[in-house]
1. So what's the angle, to the nearest 10 degrees on a 0 to 90 scale, between helix 397-410 and the longest Cα principal axis of the chain?
2. Considering the dipole of the chain built from charges on the beta carbon (Lys and Arg +1, Asp and Glu -1) around the Cα centre, which of G185, A37, A333 is farthest to its positive end?
3. Hey, what do the phi angles of the stretch 241-257 turn into as Karplus ³J(HN,Hα) couplings, whole Hz, using 6.51/-1.76/1.60 and θ = phi - 60°, x for Gly and Pro?
4. Per residue of the stretch 31-47, in order, report the coupling 6.51 cos²θ - 1.76 cosθ + 1.60 (Karplus, θ = phi - 60°) as ³J(HN,Hα) in whole Hz, putting x for Gly and Pro.
5. What's the angle, to the nearest 10 degrees (0 to 90), between helix 128-137's Cα axis and the longest principal axis of the chain?
6. Arranged from highest to lowest average of other beta-carbon atoms within 10 Å per residue, in what order do the peptides 307-314, 366-373 appear?
7. Distance between Cα centroids, the stretch 43-57 to the stretch 80-157: provide it in whole Å.
8. Rounded, prolate or oblate: which fits the stretch 277-397 when a ≥ b ≥ c are the square roots of the eigenvalues of the alpha-carbon gyration tensor, with rounded for a/c under 1.5 and prolate only if a/b beats b/c?
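Each reported figure results from applying straightforward, stated rules to the coordinates on display, with no laboratory input. Since this is a predicted model, take the numbers as computed values, not measurements. A quick note on method: Cβ atoms are made from the backbone with ideal geometry, for glycine too, and the neighbour counts reach across all protein chains shown.
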Amino acid sequence: MTNKVNIYNKINSFNKKIYISGDKSISIRSVLLASQAIGESRIYNILESEDVLNALKTIKKLGINYKKIKNCYRIKGYGLNGFNTKKKISINAGNSGTLARLILGLLINSKNEVTIVGDKSLSKRDFSRVTEPLKIFGANISSNKKKLPVKIFGSKFLRPIKYTETLGSAQCKSAVMLAALKTPGITKIKAKKSRNHTEIFFKNLKIPIKVLSKKDYDYIEITGENNFKGFDYTVPGDISSSSFFIVLTLLSQKSQLTLKNINTNNSRIGIIKILNKMNANIKLTNKKKYKGELISDLIVKSKRELKSINCPSSLNSSAIDEFLILFLVAAKARGVSTFRDLGELNKKESPRLDIAINFLRKIGIRVIRFKNNIKIYGNPKLNLKGEYDMKNFRKDHRVFMMSCIAALTLGGNWKIHDKDSINTSFPTFIELIKKIGARVN
Ligand code: S3P
């Protein structure tokens with residue numbers, strides 16, 4: 001079967017209501033935390049994408065069994081010392097930085113040597129950002145020049161650490177938090193603001209945690225070695241996956257979309273704040289709190305007059321996975337948009353800042369780059385006529401999906417390669433765009 005899609009038509013007007021699959025960050029965290037609980041956890045609406053399935057395979061390899069009954073994953077944990085590895089094992093995290101980094105935190109007390117490997121893209125990413133703090137706990141960790149494979153051999157003599165996280169990376173913060181869970185004493189973390197699902201989960205599971213929120217940093221204290229019981233959890237819809245549909249609607253003609261049950265945690269809704277500053281008027285309704293997470297329905301309407309933005313870098317972390325799709329909106333907005341301090345974007349599944357700049361230039365948009373800051377010269381009349389062939393983007397799922405949205409809203413004849421990349425985070429993406437009227441083959 002061919003692994004590319006052809007899109008030769010813009011999408012027609014639509015008015016639909018859709019459900020988006022479960023949040024990836026929360027799905028992975030729920031699996032990993034269930035593996036540490038005492039007793040059975042029941043998790044509903046897990047995202048069944050490769051990253052999350054790799055998390056399930058990982059805990060299985062570490063001796064934790066699970067079964068799927070209807071739409072519920074039942075995971076049986078044996079507490080904080082419940083991993084059971086008889087000999088040296090290797091874990092393949094596939095494409096998932098979140099899994100590879102967070103599992104290292106949980107392996108801080110591993111009795112045997114565990115080697116973490118990943119796919120081509122993950123093998124190019126930096127791991128020193130987690131191995132360095134984990135070493136201070138006392139674990140034995142080695143990497144291949146800061147990259148995978150990373151080998152970890154836990155220690156019986158763990159000590160709590162004081163750690164300052166300056167990248168605004170929830171993966172680093174969470175790896176340290178999970179290590180703290182298994183370490184005696186109080187671990188103290190000062191972390192630049194980033195998504196806080198791990199903190200919310202800890203509170204919800206009554207794991208002793210204190211969080212003091214200041215303007216740019218959170219101060220977190222975790223008391224380790226406290227077991228917790230199995231739990232029930234229903235994963236809300238993923239705002240990052242929603243972002244492609246939000247932009248599809250905004251840039252289409254006379255359309256409206258309701259996205260049901262989406263996680264709208266403040267640390268994740270940078271995309272909505274940025275788009276609303278650009279004149280988008282996305283509404284959050286039916287707001288409710290579920291186990292500490294805010295869940296809402298989103299209502300989006302097409303918008304003809306989008307305006308440029310001078311995007312404050314304080315919003316970077318809460319929109320970190322959405323910049324590719326945001327740049328597309330900037331390309332169609334009136335005026336020059338500025339985005340700053342986006343160095344972290346080049347550390348993702350592909351060098352997204354470089355790829356986005358090439359992409360925008362290819363579709364005729366002027367872009368100026370200065371270090372990790374960019375200016376995008378928007379063109380509200382942008383209407384593509386040419387042939388576009390998208391390939392060689394390191395199979396980055398978000399580059400693939402952003403390209404599909406460009407094809408469906410800006411015109412032109414597109415061939416977009418590496419369709420199977422969507423299995424990483426959003427396997428039903430093509431099915432869903434077709435459901436709202438996209439012609440894709
Ligand atoms: C994630 C954190 C972000 C994000 C990634 C998921 C998480 O990465 O880009 O897709 O689940 O913690 P960083 O923490 O490296 O910024």
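1. So the inclination is approximately 20 degrees.
2. Checking the options against the dipole of the chain, the answer is A333.
3. Once θ is set to phi - 60°, the couplings for the stretch 241-257 become 5, 4, 4, 5, 6, 4, 6, 4, 5, 4, 8, 8, 8, 6, 10, 9, 9 Hz.
4. 5, 5, 6, 4, 5, 9, 7, 9, x, 8, 10, 10, 10, 9, 6, 4, 5
5. Taking the Cα atoms of the chain, the angle to 128-137 is about 20 degrees.
6. Packing order, densest peptide first, comes out as 307-314, 366-373.
7. Between the Cα centres of the stretch 43-57 and the stretch 80-157 lies a distance of 19 Å.
8. It is prolate, given that a/c is not under 1.5 and a/b is the larger ratio.
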